[in-house]
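The values are calculated or read from the model by the stated rules, or taken from the named source; none is laboratory data. All figures in this text were calculated on a predicted structure; none of them were measured in a lab. FYI the Cβ positions are ideal-geometry reconstructions off the backbone, even for glycines, and counts take in every protein chain you see.
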Amino acid sequence: MELQQVTDNNAFTRMINSTHHSDRDIPEFRRSPFVEANTIKTNINHLRNDCIIPVFSKDNEKTIAHQEFIEAVQESVAKAFQRETIQKPEIRVSHQIKGRVPSAIHKSAKELLENERTVYYERMAFIIRIPSILSTIDGNKVSLTVGGVRAYNQENLYSRKTYEKFKFFIGYPNLVCCNLCVSSDGYVEELKADSYTNMLAKIDEVIQNYNAHQDLAKLEDLTNYDLTEHQFAQLIGRARLYNYLPKKKRKLVPNLLLNDGQLSTVAKDYYNDDSFCKNERGDISLWKLYNLFTQANKSSYIDTFLNRNVNAFDFSRGLTKALNGSENYHWFLS
């Protein structure tokens with residue numbers, strides 16, 4: 001894949017020019033969810049037609065609906081990648097909030113008719129794949145993807161309307177397993193917007209400034225480093241100790257956001273994963289280890305999984321520094 005910097009009427013300072021693939025050439029990939037936890041799959045028509053839109057209670061101003069966030073990203077992607085294949089959004093939701101219309105106030109729950117029920121989802125995550133933009137890392141195909149997260153639990157809906165918070169990313173999922181590969185360079189943890197237009201402008205800006213070539217180079221660099229079985233065992237043990245370090249010492253050690261259950265999954269998959277397990281000597285490349293991290297991270301709730309995904313990227317990159325003698329990250333391997 002060839003990556004270039006281009007200028008198009010100053011609208012986009014950086015775009016990706018790739019080898020174009022017909023739909024026939026685009027590889028199939030395992031249809032596993034990009035996030036699991038307690039989420040369910042849905043579609044944009046359900047969000048548009050069947051879900052109510054929460055409001056700010058002090059002034060009854062509506063929030064930016066989940067589907068508006070998705071539509072803004074679709075519009076931005078369509079402008080930025082006009083010649084590419086762009087798939088429909090994959091949407092997952094959780095924490096269903098149920099309600100009823102006023103006319104059904106005296107009915108029991110089992111007596112409610114479908115038109116008397118209301119629903120919306122507190123948390124929503126989505127991705128939009130651009131499968132015609134491909135590259136290969138250690139035999140694994142990765143394709144460009146954009147996506148985002150909206151979590152109403154991070155808003156104060158009991159106040160007046162203000163800027164609302166969204167999470168947005170552009171990066172690469174591994175087509176072998178649908179693990180998202182998201183770095184801090186392509187991630188905005190708190191994208192604040194008070195309207196569709198304002199949101200669209202900020203999404204455009206993130207896409208413009210994203211350096212795809214640099215991100216791919218960082219991912220590919222992980223294939224150049226291996227951990228021995230002993231180093232992997234040290235890492236898992238130290239990672240379990242991390243949350244119990246005294247506060248002063250923990251401040252000196254790089255952050256690791258995976259929980260104990262996820263670390264257990266990493267340890268199990270080190271032996272058993274079909275694509276990313278150790279080799280016959282017990283060694284494992286940091287590219288494979290990173291994919292074990294992101295695979296385990298799929299069990300995170302919607303509102304935390306992007307943060308943990310980015311942390312897994314930064315942590316894996318940090319381990320390359322540990323192998324080169326960095327004192328901070330070396331704690332995990334010593």
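Do you know which of the residues in segment 295-334 that are of a type outside the set (S, T, N, Q) and touching a Pro at 6+ places or on another chain (Cβ under 6 Å) is nearest to ASP273 (Cα to Cα)?
Going residue by residue through segment 295-334, those that are of a type outside the set (S, T, N, Q) are 296, 298, 301-303, 305-306, 308, 310, 312-315, 317-319, 321-323, 325, 327, 329-333.
Cutting the leftovers down to touching a Pro at 6+ places or on another chain (Cβ under 6 Å) gives us 318, 329.
Values: GLY318: 23, TYR329: 26 Å.
So, considering only residues that are of a type outside the set (S, T, N, Q) and touching a Pro at 6+ places or on another chain (Cβ under 6 Å), the one nearest to ASP273 (Cα to Cα) is GLY318.
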Requested in this report: Output the residues belonging to segment 130-165 that are farther than 17 Å from PRO33 by Cα, touching a Phe, Trp or Tyr at 6+ places or on another chain (Cβ under 6 Å) and part of a strand (DSSP E or B).
Outcome: ARG150
Query raised in the report: In segment 274-300, which residue that is surrounded by fewer than 19 Cβ atoms within 10 Å (Cβ to Cβ) and among the hydroxyl-bearing types (Ser, Thr, Tyr) is farthest from LEU319 (Cα to Cα)?
Result: SER299
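Residues of segment 80-105 being more than 21 Å from ILE52 (Cα to Cα) and more than 30 Å from the chain's Cα centre (by Cα), which ones?
Of segment 80-105, the ones more than 21 Å from ILE52 (Cα to Cα) are 80-88.
Scanning segment 80-105 gives no hits.
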Report summary line: Note on segment 82-97: residues outside any loop (DSSP other than H, G, I, E, B) and of a type in the set (S, T, N, Q) are SER94, GLN96
**Report entry** In segment 280-294, the residues that are among the charged types (D, E, K, R) and assigned to a helix (DSSP H, G or I)
**Finding:** LYS288
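From the list ILE127, ILE70, ILE53, pick out the single residue that is hydrophobic (A, V, I, L, M, F, W, C) and part of a loop (DSSP other than H, G, I, E, B).
Working: ILE127 fails: part of a loop (DSSP other than H, G, I, E, B); ILE70 fails: part of a loop (DSSP other than H, G, I, E, B).
Only one candidate passes the filter, namely ILE53.
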Query raised in the report: Looking at TYR271, is it hydroxyl-bearing (Ser, Thr, Tyr), assigned to a helix (DSSP H, G or I) and crowded, with 17+ Cβ neighbours inside 10 Å?
Result: no
Requested in this report: Kindly indicate whether any position in segment 172-192 is assigned to a strand (DSSP E or B), closer than 29 Å to THR63 by Cβ and small (Gly, Ala, Ser).
Outcome: no
Query raised in the report: Which pairs have Cβ atoms under 7 Å, sit 6 or more apart or on different chains, and link a residue in segment 40-62 that is in contact (Cβ under 8 Å) with a residue 24 or more places away in the chain to one that is surrounded by fewer than 12 Cβ atoms within 10 Å (Cβ to Cβ) and in a loop (DSSP other than H, G, I, E, B)?
Result: PHE56/SER159; PHE56/ARG160; SER57/TYR158; LYS58/SER159; LYS58/ARG160; ASP59/ARG160
Query raised in the report: Which one is surrounded by the most Cβ atoms within 10 Å (Cβ to Cβ), of the residues in segment 94-134 that are under 30 Å from THR145 (Cβ atoms) and polar (S, T, N, Q)?
Result: SER132
Query raised in the report: Of the conditions (1) assigned to a helix (DSSP H, G or I); (2) at pLDDT below 95; (3) surrounded by fewer than 20 Cβ atoms within 10 Å (Cβ to Cβ), GLN234 fails just one. Which one is it?
Result: (2)
Query raised in the report: Can you name the residue in segment 71-80 that is of a type outside the set (S, T, N, Q) and touching a Leu at 6+ places or on another chain (Cβ under 8 Å) and, of all such residues, is surrounded by the most Cβ atoms within 10 Å (Cβ to Cβ)?
Result: ALA72
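Okay, residues lined up against (1) within 20 Å of PHE315 (Cβ to Cβ); (2) touching a residue at least 24 places away in the same chain (Cβ under 8 Å); (3) surrounded by 15 or more Cβ atoms within 10 Å (Cβ to Cβ):
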| position | (1), (2), (3) |
| --- | --- |
| GLU155 | no, yes, yes |
| LYS167 | yes, yes, yes |
| GLY186 | yes, yes, yes |
| LYS192 | no, yes, no |
| MET199 | no, yes, yes |
| TYR210 | no, yes, yes |
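Just the residues that are of a type outside the set (Ser, Thr, Tyr) and more than 19 Å from THR197 (Cα to Cα), please, taken from segment 55-84. Spell out how you get there, then give the answer.
We begin by selecting, within segment 55-84, every residue of a type outside the set (Ser, Thr, Tyr); these are 55-56, 58-62, 64-75, 77-84.
Result: PHE56, LYS58, ASP59, ASN60, PHE81, GLN82, ARG83, GLU84.
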Report summary line: Checked segment 153-211 for anything of a type in the set (A, V, I, L, M) and over 27 Å from LYS288 (Cα atoms); matches are LEU157, LEU191, ALA193, MET199, LEU200, ALA201, ILE203, VAL206, ILE207
